[in-house]
Structure formats: structure tokens, C-alpha cells
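Colleague: If you scroll down you'll find the structure; I have some questions about it.
The values are calculated or read from the model by the stated rules, or taken from the named source; none is laboratory data. Here the structure is a predicted model, which means the values were calculated and not measured. Here the Cβ positions follow ideal geometry from the backbone for every residue, glycine too, while neighbour counts run over all protein chains shown. Surface areas here come from the heavy atoms of the whole protein model, side chains and all, with no ligands, DNA or RNA. Shrake-Rupley method; radii C 1.70, N 1.55, O 1.52, S 1.80 Å.
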Amino acid sequence: MVYKLGDVLGEGAFSVVKLAVNRKTGQKVAVKCIDRQGLPDEDENSLRQEVAIMKSLKHTNIVEFIDFFEEEKFFYVVLEFLEGGELFDRIVKKNFYNEKEARDVVKVILDGMKYCHDKGIAHRDMKPENLLLTSKEDDSFVKIADFGFAIHGVQQGDRDTQCGTPGFVAPEVLQNKSYDKSVDMWSIGVITFIVLGGYPPFEADNDYKLFRKIIKGKFEFHNNYWCEVSAEAKDFISKLLVVDSQSRMCCDEAHRHPWLQRDAKELAGHDLNNNLAALKKYQNNRKFRAAANAIIAVNRMNKKHDGN
């Protein structure tokens with residue numbers, strides 16, 4: 001094999017992601033190893049679609065696709081290794097945090113998303129764990145990862161597929177309505193809210209209650225956390241978290257919004273250290289839930305294989 005597989009970076013129901021090294025060049029890569037045994041045809045088709053989409057994407061703020069291999073027992077997807085880890089993990093390690101830093105993060109995410117949308121591609125699963133950093137030292141090189149739910153050509157709408165992650169999914173998806181690329185803009189609105197406020201705009205103790213809140217689209221800028229945040233930032237979020245997708249800002253409109261044009265020095269004076277504590281708590285809870293869900297998924301896979 002071209003790559004020497006190493007440590008496990010993550011696990012899923014039918015896959016494991018491993019750090020690997022190109023035997024000739026020494027380049028570090030991330031290799032997603034997908035077990036073909038018991039893999040549903042639908043999932044295999046989705047994988048091939050994901051690979052086709054990733055081959056077409058070449059942008060500074062999108063994880064680079066490198067190669068794809070098929071063997072009798074496994075598929076291998078070779079991707080750029082992003083050693084900086086998750087963006088949110090980096091943010092919560094900061095000692096000082098301000099609105100300029102939050103705005104810069106959103107700018108970078110929008111750059112990558114605009115590239116996708118201009119090519120007619122919707123990501124459909126924008127969330128914190130899919131925002132990764134190239135470097136351990138530099139916060140500015142953020143990349144959008146995991147195009148497993150991405151689809152090309154959703155301008156005409158897609159009523160058949162409910163996908164996304166609770167808390168980040170757009171209301172039209174939950175209502176089985178026809179939707180388009182604007183679902184990503186809703187998710188970016190949620191991410192922006194969390195990056196600035198330190199907590200999500202929609203919270204509940206179960207998914208049913210959470211989805212009802214999302215469908216209503218009602219959220220609040222609590223003064224304890226938002227008193228230091230600019231009016232432009234709040235307006236930016238309010239124009240993304242719009243239930244009517246036709247009235248929601250698109251990528252081009254978001255790029256032209258006054259918040260993204262606001263003077264950097266002024267925003268740097270807006271101290272968000274109080275919100276950083278809330279963000280640390282949110283990130284810890286999210287990591288705990290993700291770890292628990294990963295264990296459940298792996299156990300299900302092991303039971304399935306034991307049964308065979």
C-alpha cells in the first residue's frame with residue numbers, strides 16, 4: 001500500500017480514521033478506512049458521491065482530498081491531515097477572547113462555504129466538529145471537513161433526505177419541506193451565535209423539544225452574554241436564523257453585511273472573556289456526548305459482526 005497506517009484518530013459505525021504516512025514522500029495524511037462488510041448499498045453510494053464531490057473541491061478553507069482506494073474488504077479515503085484539531089478546542093484554550101477573533105472565524109467559514117455554494121454544492125452538516133485547523137499555532141487556517149452529507153445541485157430542492165445534526169439543522173429540513181443551499185446558512189448562524197455568545201441559540205433536554213424550538217425559530221440575546229457584542233453581530237445572526245429560507249441571507253449577502261466590514265480595532269475592544277467560560281462548558285458537554293455516541297456506534301457494529 002502507498003500509505004503506512006498508524007494511530008487511530010477517530011471511529012464510527014463502519015469506519016475508522018487513522019493517521020498515515022506516504023511511504024515515498026513522508027507526507028502525513030488522514031485515512032478513512034470503511035469496512036465493506038455489512039455496509040448498506042445506500043451508504044456505499046453516499047461514499048462514492050462524497051468522493052466525487054471532494055475531488056471537485058480545491059479551496060484554502062476546505063480539507064483537501066488526496067486519493068481513494070478500493071479493496072475487497074475496505075474502502076480507503078485519503079485526506080489532508082489537519083494537525084491543529086477542532087477550531088472550538090483551540091478557542092476554549094485562549095486566555096483572552098474578543099469579538100474580532102470571533103468575526104475572523106466566521107469570515108473564513110463563509111469563504112469556504114461561498115466556494116461550495118458557487119459550485120452548486122450544499123454541505124448539509126455544518127457544525128463545530130467539522131471546522132478544523134491546519135496548524136497547532138495559527139488560528140486563521142480553518143478548513144471545512146466531512147462532506148458525507150454533501151450534495152450537488154440542490155437548487156431545485158430535496159424533500160427526501162433529512163440530514164444534519166440536532167441543534168444545527170435548519171427548520172425546513174425538520175418539516176420535510178423542499179430545501180436548498182440556504183440550510184448551510186442557518187447552520188452558520190447557529191455557529192456564529194455560539195462563537196460569540198458561548199452557548200447555542202436553541203436548547204432543550206430532548207430532540208423533540210429542541211426541534212420544536214428550531215421550527216419556531218425564536219431565540220434570545222441574553223444580556224449577561226451579549227452586552228459586549230456589537231449590534232451588527234446580532235443583526236448578522238438575526239438575518240441567518242430566519243425560518244423562511246427565502247428571506248435568509250445567502251453567502252454573498254453575508255459577505256457584504258456591515259459586521260464583516262466593521263473596523264477590526266473596534267471589534268478587538270469588545271471583550272468576550274465572560275462568554276469564553278460559557279463556551280468551555282458547552283464544548284466539554286458536546287465532547288462528552290460525542291464520545292458516548294461513538295462508543296454506542298462501535299458497540300453496535302461489534303454486535304453486528306459477532307452475529308455474522
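Colleague: Which condition from (1) open to solvent by 50 Å² or more (accessible area, probe 1.4 Å); (2) in contact (Cβ under 8 Å) with a residue 60 or more places away in the chain is the one that Pro200 breaks?
Modeller: Pro200 satisfies all of (1) open to solvent by 50 Å² or more (accessible area, probe 1.4 Å); (2) in contact (Cβ under 8 Å) with a residue 60 or more places away in the chain except (1).
Colleague: Within region 1-27, can you find the residues that are in contact with a strand residue (DSSP E or B) (Cβ under 6 Å, 6 or more places away or on another chain), in contact (Cβ under 8 Å) with a residue 40 or more places away in the chain and over 17 Å from Ala145 (Cα atoms)?
Modeller: Tyr3, Phe14, Ala20, listed by residue number.
Colleague: Then there is this: If the Cβ limit is 6 Å and pairs must be 6+ apart or interchain, which residue in region 47-72 that is farther than 20 Å from Ile151 by Cβ pairs with which residue that is aromatic (Phe, Trp, Tyr)?
Modeller: So the pair list comes out as Phe69/Tyr76.
Colleague: Given (1) open to solvent by less than 50 Å² (accessible area, probe 1.4 Å); (2) at pLDDT 95 or above; (3) touching a Leu at 6+ places or on another chain (Cβ under 9 Å), identify the lone condition not met by Val92.
Modeller: Of everything listed in (1) open to solvent by less than 50 Å² (accessible area, probe 1.4 Å); (2) at pLDDT 95 or above; (3) touching a Leu at 6+ places or on another chain (Cβ under 9 Å), Val92 misses just condition (2).
Colleague: So, one more: Given the criterion closer than 27 Å to Val142 by Cβ and assigned to a loop (DSSP other than H, G, I, E, B), identify the matching residue among Lys24, Lys58, Lys32, Lys18.
Modeller: Lys58
Colleague: Looking at Tyr282, is it open to solvent by 80 Å² or more (accessible area, probe 1.4 Å), part of a helix (DSSP H, G or I) and under 17 Å from Thr165 (Cα atoms)?
Modeller: For Tyr282, the condition - open to solvent by 80 Å² or more (accessible area, probe 1.4 Å), part of a helix (DSSP H, G or I) and under 17 Å from Thr165 (Cα atoms) - is not met.
Colleague: Go through region 60-77 and give me each residue that's touching a Lys or Arg at 6+ places or on another chain (Cβ under 9 Å) and closer than 25 Å to Leu110 by Cα.
Modeller: Thr60, Asn61, Ile62, Val63, Glu64, Phe65
Colleague: Next up: Looking at Glu42, Glu11, which one is exposed (fewer than 14 other Cβ atoms within 10 Å of the Cβ) and under 26 Å from the mean Cα position of the chain (by Cα)?
Modeller: Matching residue, one of Glu42, Glu11: Glu42.
Colleague: Which residues, taken from region 67-89, are open to solvent by 50 Å² or more (accessible area, probe 1.4 Å), part of a strand (DSSP E or B) and not acidic (Asp, Glu)?
Modeller: Phe69, Phe74
Colleague: Right, something else. Suppose we filter region 222-241 for residues that are closer than 19 Å to Trp186 by Cβ and crowded, with 18+ Cβ neighbours inside 10 Å; how many remain?
Modeller: Counting residues in region 222-241 that are closer than 19 Å to Trp186 by Cβ and crowded, with 18+ Cβ neighbours inside 10 Å gives 5.
Colleague: Which ones in region 243-266 are closer than 16 Å to Phe193 by Cα and either in contact with a Leu (Cβ under 9 Å, 6 or more places away or on another chain) or assigned to a helix (DSSP H, G or I) (or both)?
Modeller: Arg248, Met249, Ala254, Trp259, Leu260
Colleague: Does Leu240 satisfy the condition of being at pLDDT 95 or above and not in a helix (DSSP H, G or I)?
Modeller: Spelling it out, Leu240 is indeed at pLDDT 95 or above and not in a helix (DSSP H, G or I).
Colleague: Follow-up. Looking at Ile91, is it in contact (Cβ under 8 Å) with a residue 24 or more places away in the chain, under 16 Å from the mean Cα position of the chain (by Cα) and more than 24 Å from Lys181 (Cβ to Cβ)?
Modeller: Taking the combined requirement at face value, the residue satisfies it.
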